[in-house]
Structures are given as structure tokens and as C-alpha cells.
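The values are calculated or read from the model by the stated rules, or taken from the named source; none is laboratory data. Note that the structure is a prediction, hence the values are computed from the model and not measured. When we count neighbours, we look across all protein chains shown, and the Cβ atoms used for this are built from the backbone with ideal geometry, even at glycine. These accessible areas exclude ligands, DNA and RNA; they are computed on the full protein's heavy atoms, side chains included. Shrake-Rupley method; radii C 1.70, N 1.55, O 1.52, S 1.80 Å.
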Amino acid sequence: MHSGEIYSCTDEDLMNKQLKCLEKLYDFNATRPSEGEKRQALLKEMFAEIGDDCYIEPPFHANWGGKHVHFGSNVYANFNLTMVDDTHIYVGDYTMFGPNVTVATGGHPVLPELREPVTQFNLPVHIGRNVWIGAGAVILPGVKIGDNTVIGAGSVVTKDIPANVVAVGNPCRVLREINEHDKEYYYKDRKINIKMDTV
């Protein structure tokens, strides 16, 4: 699963291990809004690593229930985050996911004859520190996204995106660098009206 090579994802042993992970994921998604402590305890059992003060708004979806997901601290995920975590997904501190974001590590061969026996391959995804991924974005296998970058809503990220940029589109491309204008305006012509040291 973690080699990047093609393998059978219907292997019985793999499926039994995966089922145990999905049972915990089901429990997480069945929690009530008032059960914050229970959610945090479950996430620590489910994830490969999860730092302090992370929040995931259920429902959360993951092929392996988060078993191969590594979150830093202060990561926020809105509704319907999907992590196709057949291999490892790394997410840095202070990163935010909008609703309906998909991060996929798994892919299937283009050759039809290889797809029929249900084979796949997996490539890890690396998302940097303080990244904002807009609603409905899709991040494909093997992609790396640099620190502080913004991925626009609805983008399909097929290739690496550097740090400190705004990137949008399908396929996702760098629109511009984060610049001096962003230090004065938080959205279009709306001026920042708070002091940074008070946030």
C-alpha cells in the first residue's frame, strides 16, 4: 500500500484491518455536537498523528478512518472532509479545510485490464503549515502544497503548488504570490480593521 506500486485492494487481510478502522470512524461521525471530549479521544485513536486543538466537523470520511493521516496542531476541517488515506497524508499546523474537500492518495491504472481485478496505487500527499484549502477543492495523489498557500474553492490540484501563493482552477495553477496588498485588505476591497497582535 505504501510503496507506490500497483496492488490488489480486495486482499482479505487488508479489508479486515480496514473494517476495524471504519468502525471507529462510524463512532466519530455518530457523536453529538456536545461530545467534544469524546470526539477528541476518538481522533487520537483513529489518526496516525494528531496535534493539539484540532477540530473536524462531522461527517468526516476516510478510507482507513484516518489511520494514515498526520495532522499537526490547530488544524480545522469543515463538513465532509474526505481523506482517501490508503497511504500517508501529512498536514501542517494551522491548516484549514473548507467544506467538501477531498484529499486523495489512491489512484487506479489507466489500462482497463488492470482495473478489472480492482488494483490501485497510492502516493502520499503533503500539505504545509497554515494552508487554506477552499470549499470543494480536490487534491490528487502525490501532490505537495507549500506553507501559507491558499487553494481556491473548487480547484483540482494535480501538481505541486509552492509556498506563499494563491492558486486556483482546474487544473489548479498559481494565480499570484501573497503580497503587500494582502497585508492591507482581507477580501477584495475590504480593509483589515484589526491589529494583528490582537488576533
#### Entry: Selected from R115, R129, R39 as most flexible by GNM, with the chain as the system and alpha-carbon contacts under 10 Å
R115
### Query
If r is the Cβ-Cβ distance from L22 to E177 and R0 is 45 Å, what FRET efficiency results, to the nearest 0.05?
0.65
## Note on the structure
Between A41 and K188, the two model label points (7 Å from Cα along the beta-carbon direction) sit apart by a distance in nm of 4.7 nm
### Query
On a 0 to 90 degree scale, rounded to 10, what angle separates helix 36-46 from the longest Cα axis of the chain?
50 degrees
## Note on the structure
One would report the antiparallel percent of DSSP beta bridges in region 85-153, rounded to the nearest 5, as 15 percent
### Query
Just the accessible area for T31, please: 1.4 Å probe, Å², rounded to the nearest 10?
10 Å²
## Note on the structure
Counting sequence-distant residues (5 or more places) and residues on other chains, those with an amide H built under 5 Å from that of V156 are V138, G169, N170, C172
### Task
Return the inverse of the average 1/r over all pairs of distinct C-alpha atoms in region 73-175, which is the Kirkwood hydrodynamic radius, in Å to one decimal.
13.7 Å
### Message
With a cut-off of 8 Å between alpha carbons and a minimum separation of six or more residues, what is the relative contact order of region 62-199 in percent?
### Response
15 percent
### Message
How large is the Rg to Rh ratio of region 32-119 when both quantities use alpha carbon positions and Rh follows Kirkwood?
### Response
1.06
### Message
In whole percent, and with a 1.4 Å probe on the protein chains, what portion of the accessible area of region 88-199 is carbon and sulfur?
### Response
57 percent
### Summary
Any residue on another chain or 5+ positions along whose placed amide H is under 5 Å from the amide H of I161 is listed here as K144, I145, G146
### Query
Highest GNM mean-square fluctuation, the chain, Cα pairs closer than 10 Å: which of D11, D53, D182?
D182
#### Entry: Accessible surface, per residue, of the chain when the full set of protein chains is kept, probe 1.4 Å, Å²
57 Å²
### Query
From the phi of every residue in region 96-102, what ³J(HN,Hα) in whole Hz does the Karplus formula 6.51 cos²θ - 1.76 cosθ + 1.60 yield, where θ is phi - 60° and glycine or proline is x?
10, 10, x, x, 6, 8, 10
### Message
Give me a comma-separated list of calculated 3J(HN,Hα) values for region 20-35, in order, Karplus coefficients 6.51, -1.76, 1.60 applied at θ = phi - 60°, integers in Hz, x for any Gly or Pro.
### Response
4, 5, 5, 5, 5, 4, 4, 4, 4, 5, 8, 5, 8, x, 7, 9
### Other-chain or far-sequence residues with amide H under 5 Å of Y94's (modelled H)
S73, N74, V75, N130
### Rg and Dmax [Cα atoms of the chain; Å; Rg one decimal, Dmax integer]
18.0, 59
### Summary
Lys pairs in the chain with Cα under 13 Å (8 or more apart in sequence, or on separate chains) total 9
### Query
Hey, if you put +1 on the Cβ of every Lys and Arg and -1 on every Asp and Glu Cβ in the chain, which of S155, I6, C54 ends up farthest toward the positive end of that dipole?
S155
